[in-house]
Amino acid sequence: MVAASALRSRLARRRQGRPAGIVRNALRSPRGRAGALLIVLVAAIATIGPFVAPHSPTELITTPYAPPGTDGLVLGGDGLGRDAFSRVLCGGWALLLLALAATALGVVAGALAGMVAAYRQGWPDSVIMRTTDVFLSVPALVFGLLLVSIVGPYLWLVVFAVALTHAPQVARVIRAAAIEIAERDYVKAAELRGYSSWNVITREILPNLTTPLLVEAGLRLSYSIIIISGLSYLGFGQQPPAADWGQMINENRLGLGTNPWPVFVPCVLIALLAIGTNTFADAIARVSLGIDRGEATVLRATAASAIEPGVGDG
Amino acid sequence: MCVAAARRAGTPVVEGINLEIAPGKVLGIVGESGSGKTTFALSLLGYAKRGLRIAAGEVLLDNVDLLSLPAGRLREIRGLRVTYVPQDPASALNPSQRIRTQMREPLEVHRSQLDPDLDIDARLAEVCAAANLPTTDKILDAYPHQLSGGQQQRVAIAMAFACGPELIVLDEPTTGLDVTTQRHILETIRRLTSENDVAAVYVSHDLPVVAQIADDVAVMYAGRVIEVGPIKAVMTAPAHPYTRALLRAAPTPERTSALVGIDGSPPSPGQWPVGCAFAPRCPLAVSECRSELPDLKVRGGRTQRVRCIRSTVAVREEPRRAIVAPLAPDAPVAGGELAIEGLDAHYGAFHVLRDVSLQVARGECVGVVGESGSGKTTLARCVVGMHRTWTGRMLLDGKPLASRGREFEHRRKVQYIFQNPYTSLNPRHTVGESLAAPLRHFEDVDRAECAGRVRAMLERVALRADFVDRYPDQLSGGERQRVAIGRALIVEPEFVICDEVTSALDVSVQAVIIELLRQMQAERAISMLFITHNIAVMRSIAQRVVVLNEGRLVENGTVDQVMTKPRDPYTVRLLADVPKMSEAVNENG
């Protein structure tokens, strides 16, 4: 019954929800391409940068806040007379790495908590969700600051703190999506077989959550970038003399009048990275909903009319 | 009266329909899912679902073309002269408004056109009485959820008749209602249309229901009408091969031959073949059928019009198999004898099953029949272990089935097939993975053996080997249900519970699935509990039948006994209310 072969094969091509397919479809939309381009651009600077930097990021070369062109330096000197360009090239990888790690940790922990809460219901649900409520009531940046200022400026702690601010939000979203999945008959079929809760969650429920998980991961990554560079600006990231974009903004803001570039360039790079990841996450969300693809909208309309209501349910 | 063609992005969904309805008559529109019957019905109100538009054609109501009217004029006519009764009253009525408010609305909106001095409350009382709704304030002041399904549908029908329309479009108004309620609703519609001289279009997938109410019937297939004529002519001497096949597949309680399904699935919009859309599945098709679309016209001296060049060809009636599946006497029965003694089940404080005792012999299929709320699904869930709060005894081959913490072996031996194949297969698992999961769980099989048995099972449920790598969204409803059956049978169970396994499927597919189940059950001598609300379907597969009413077992006997000489008054009533094709044709024709 239902829409027959053609519609089915087109829907199949859409393969809605399989991660590779979703990312591929997101890359086809203008929005997704723009996002991906920005991410690749900034990521390339951050990863290749350290290998092509003309000078050591910590070497004192010129006078403080020397304007661009002095001693052949592209962006001039920073507050201590180091090469601003080399510091920009070397100051991104830490941010990228920390943001990825924090996102991964936060999404994994949040997704697990959300799925357990949705599947087990009852007291595990109450305990998990009330805990997330507590965390959600504290602003992310304040919480990170609090933790880091108590324990000390360790990088692992930054990752942990940021992950901890993400997890409750991810848990909420995933729980909402998983509750509906947990009601499905195939989950009951797995329970009847005698699967353990862990098996039901990982084999039956998790594969159906790839779409919200992808969207969440993208969104959380862009938040991670903002929070981590913010913490780094406040001095809780990499410690001097290491180069770091967020920290560079803070170090060099006094020389804004003489040489704005050591502040300006890291600002732009952080912004581009955040915008890029956010745009890409948005593209993924839209693809999964079928907004940005004319075909998908049309398909849903056709499916809606072809799949007439009725027959059964009775 | 109407030619409608709905198109979207150039793909016609419904095309070339040309029908007339006289006042006081009921035109039945019959078709399976995706045949375009709802799209057509809505176009009668000048309405198209999102993504669709009515590209061409006219709907003439007293020689006025509704489709050419400006939106404002159309709105004046909708609800006043042409009205619509949707399928599901529960979602058609606004849950946050009282019934009175909702019923007054059409009258208030069209008051100026009807009669400015109209006494709305008096009219409300009138239509409620006509629709057999008690006009007490209790009903009118209630919210929709406080009414039963039948009452909700009566409200919707009363609303449709309130303004004295000339045409009323009913879209499967009884789907989802119990047979008794369904019969009463059908009687009400029938009476209201003839008393008020209203032309009615009754859309349904259910042939026997249409046979009860319609004067004329149009059969739709792939967006076109393929046969139209007086109900009696179409039912007794169907001309189109599709109509014939549909009648062979439709379960009715009086039939004594097995159901015959239609293989294949109908083409979707945009995939219609050049010639007759049914040709690829038609046993009578010749090459001309595939090249040219036949006209809808009277052929071979019949009374109905038909869109088939082969309609005059005499069909060789294939010999029909006797309906009741005999027990295979020397089948390799391993076990599967179930005894239920004094089963009581609760949902919280609600007592669902009361003192149910039941025996299922080895290799026997017992049909469990009952209306919604009778506890038949709870019974199934108790047996399989999904519902845990019960008391009493359940023995499988003499060993007690635990209410909780069920034994590993029992989990394998007792398998469950779900009602809805659209939710029982994990959309992220391929067919192969779905079939292999229980096998890997219950048996110690290596990769090669597992793949071999999956392949064998696919062949057994009549699916091609390349389905292994498909995902459920690439499968039709019938194909999905085959996979679900395969998943239950791959671990060689001794006892299988089928919970309304065909109620989400079209009749032609239902017949195929029932036949498949019947064969598998007979072949392997599996014991079976077949849960259904449809007595007619049960007749095609079960040897014995029990009837549940409000949690009590009221009837227990062989199929023939129960169908011909029911003892309990409830069973008698249930059997009387089931739509029967022969009786209906005699009444109306």
Residue selected from region B:472-514 under the condition among the basic types (Lys, Arg) and touching a residue at least 40 places away in the same chain (Cβ under 8 Å), by the criterion surrounded by the most Cβ atoms within 10 Å (Cβ to Cβ)
B:487
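Considering only region A:65-74, I want to know if a residue exists there that is assigned to a helix (DSSP H, G or I), acidic (Asp, Glu) and assigned by TED's automatic domain parsing to the domain that holds residue A:162.
First pass over region A:65-74, keeping only residues assigned to a helix (DSSP H, G or I): A:70-72.
This time we only want the ones that are acidic (Asp, Glu), so: A:71.
Applying the additional criterion that residues be assigned by TED's automatic domain parsing to the domain that holds residue A:162 yields none.
The answer is no, given that none of the residues of region A:65-74 is assigned to a helix (DSSP H, G or I), acidic (Asp, Glu) and assigned by TED's automatic domain parsing to the domain that holds residue A:162.
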With (1) under 14 Å from residue B:366 (Cβ atoms); (2) hydrophobic (A, V, I, L, M, F, W, C); (3) under 20 Å from the mean Cα position of the chain (by Cα) as the list, and residue B:507 as the residue in question, which single condition is left unmet?
(1)
Could you tell me whether residue B:482 is at pLDDT 90 or above, part of a helix (DSSP H, G or I) and either not small (Gly, Ala, Ser) or not assigned by TED's automatic domain parsing to the domain that holds residue B:412 (or both)?
yes
Could you check how many residues of region B:386-420 are more than 10 Å from chain A (Cβ to nearest Cβ) and not charged (D, E, K, R)?
13
Scanning region B:428-464 for residues that are closer than 23 Å to residue B:508 by Cα and not β-branched (Val, Ile, Thr), which turns out surrounded by the fewest Cβ atoms within 10 Å (Cβ to Cβ)?
B:464
Is there any pair linking a residue in region B:515-533 that is basic (Lys, Arg) to one that is part of a helix (DSSP H, G or I) and surrounded by fewer than 19 Cβ atoms within 10 Å (Cβ to Cβ), with Cβ under 7 Å and at least six apart or on different chains, and which?
none
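Could you tell me whether any residue of region B:452-465 is within 10 Å of another protein chain (Cβ to nearest Cβ) and either within 30 Å of the chain's Cα centre (by Cα) or not polar (S, T, N, Q) (or both)?
Within region B:452-465, the first condition is being within 10 Å of another protein chain (Cβ to nearest Cβ), and the residues that meet it are none.
Checked region B:452-465: no residue is within 10 Å of another protein chain (Cβ to nearest Cβ) and either within 30 Å of the chain's Cα centre (by Cα) or not polar (S, T, N, Q) (or both).
Can we say residue B:361 is closer than 18 Å to residue B:496 by Cβ, of a type in the set (Gly, Ala, Ser) and surrounded by fewer than 22 Cβ atoms within 10 Å (Cβ to Cβ)? Spell out the reasoning first.
Details: closer than 18 Å to residue B:496 by Cβ: yes; of a type in the set (Gly, Ala, Ser): yes; surrounded by fewer than 22 Cβ atoms within 10 Å (Cβ to Cβ): yes.
Yes; evaluated as a whole, the condition is true for this residue.
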Any hit, region A:116-131, residues being closer than 30 Å to residue A:243 by Cα, in contact (Cβ under 8 Å) with a residue 40 or more places away in the chain and outside the structural domain of residue A:43 (by TED's automatic domain parsing):
no
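Considering each of B:123, B:81 in turn, give the residue that is touching an Asp or Glu at 6+ places or on another chain (Cβ under 7 Å) and of a type in the set (D, E, K, R).
Values: B:123 fails: touching an Asp or Glu at 6+ places or on another chain (Cβ under 7 Å).
Step by step, each of B:123, B:81 is checked, and only B:81 is touching an Asp or Glu at 6+ places or on another chain (Cβ under 7 Å) and of a type in the set (D, E, K, R).
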Can you run down the residue pairs with Cβ atoms below 8 Å, 6 or more apart or on separate chains, where the first is in region B:167-192 and facing chain A (nearest Cβ under 10 Å) and the partner is part of a strand (DSSP E or B) and crowded, with 20+ Cβ neighbours inside 10 Å?
B:171/B:84; B:171/B:85; B:171/B:203; B:172/B:203; B:172/B:204; B:174/B:204; B:175/B:204
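Based on what the data block shows, is residue B:59 more than 30 Å from the chain's Cα centre (by Cα) and of a type in the set (A, V, I, L, M, F, W, C)?
Numbers: more than 30 Å from the chain's Cα centre (by Cα): no; of a type in the set (A, V, I, L, M, F, W, C): yes.
No: the conditions fail for residue B:59.
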Matching option when the condition is hydroxyl-bearing (Ser, Thr, Tyr) and more than 10 Å from chain A (Cβ to nearest Cβ), among B:423, B:430:
B:430
Given (1) within 27 Å of residue B:234 (Cβ to Cβ); (2) surrounded by fewer than 21 Cβ atoms within 10 Å (Cβ to Cβ), identify the lone condition not met by residue B:32.
(2)
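Would you be able to say whether some residue in region B:253-265 is away from every other protein chain (no Cβ under 14 Å) and polar (S, T, N, Q)?
Of all residues in region B:253-265, those away from every other protein chain (no Cβ under 14 Å) come to B:253-260.
Subset that is polar (S, T, N, Q): B:256-257.
Yes: one or more hits.
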Show the residue pairs meeting these rules: Cβ distance below 7 Å; 6+ apart or different chains; first residue within region B:120-134 and in a helix (DSSP H, G or I); second residue surrounded by fewer than 17 Cβ atoms within 10 Å (Cβ to Cβ).
B:120/B:108; B:125/B:135; B:128/B:135; B:129/B:135
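Name the helices (runs of 4 or more DSSP H) wholly inside region B:185-271 in which the number of residues that are more than 22 Å from residue B:42 (Cβ to Cβ) and of a type in the set (A, V, I, L, M) is 2 or more. Write out each step before concluding.
Details: elements: B:207-213, B:231-236, B:241-249.
The qualifying helices (runs of 4 or more DSSP H) are B:231-236, B:241-249.
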With respect to residue B:445, is the statement that it is of a type in the set (A, V, I, L, M, F, W, C) and in a loop (DSSP other than H, G, I, E, B) true?
yes
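The values are calculated or read from the model by the stated rules, or taken from the named source; none is laboratory data. Remember, predicted model here, so these are calculated numbers, not experimental data. As a convention, Cβ positions derive from the backbone with ideal geometry for all residues, glycine included, and neighbour counts pool all protein chains shown.
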